[in-house]
Amino acid sequence: MPRRDIFGCRRSSDSLRSEKSLKEPPLKSLHSESSLNSVKLEQFRKLSTSQILESLKVGEACSLKARPDGTLMEGHHRIKVLRERGVDVDSLPREIVPRG
């Protein structure tokens, strides 16, 4: 399946900036777990942890995006799957999406 079909992500914009600090807030979901698409979750569960982590890298079209307070803007399903696998998602580099 083509990558864009799996990830269905938003493109980065010029207003996004990459920010890595030791004191980034923990990631929190914008949506409740019950609202996540079960078909998408199953698709991501079929991917390896390294594939998911690679897709979240800063600079990728589908990178991990969050507000300054840690609210997820992009990556909800992938973060859920990584948490299920015991990955420390709060330490992942993310693109910060400033309030607008």
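Read-outs throughout are calculated quantities, based only on the coordinates presented, and are distinct from any laboratory measurement. Bear in mind that the values here come from a model prediction, so they are computed numbers and not experimental data. Reconstructed Cβ throughout: ideal geometry from the backbone, glycine too, with neighbour counts over all protein chains shown.
Here is how the numbers come out for the structure above:
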quantity	calculated
Given (1) over 18 Å from residue 99 (Cα atoms); (2) under 13 Å from the mean Cα position of the chain (by Cα), number of the condition residue 30 does not satisfy	(1)
Region 65-96, residues that are farther than 13 Å from residue 24 by Cα and touching a strand residue (DSSP E or B) at 6+ places or on another chain (Cβ under 7 Å)	73, 74, 75, 79
Output for region 81-90, where each listed residue is touching a residue at least 40 places away in the same chain (Cβ under 8 Å) and not acidic (Asp, Glu)	81, 89
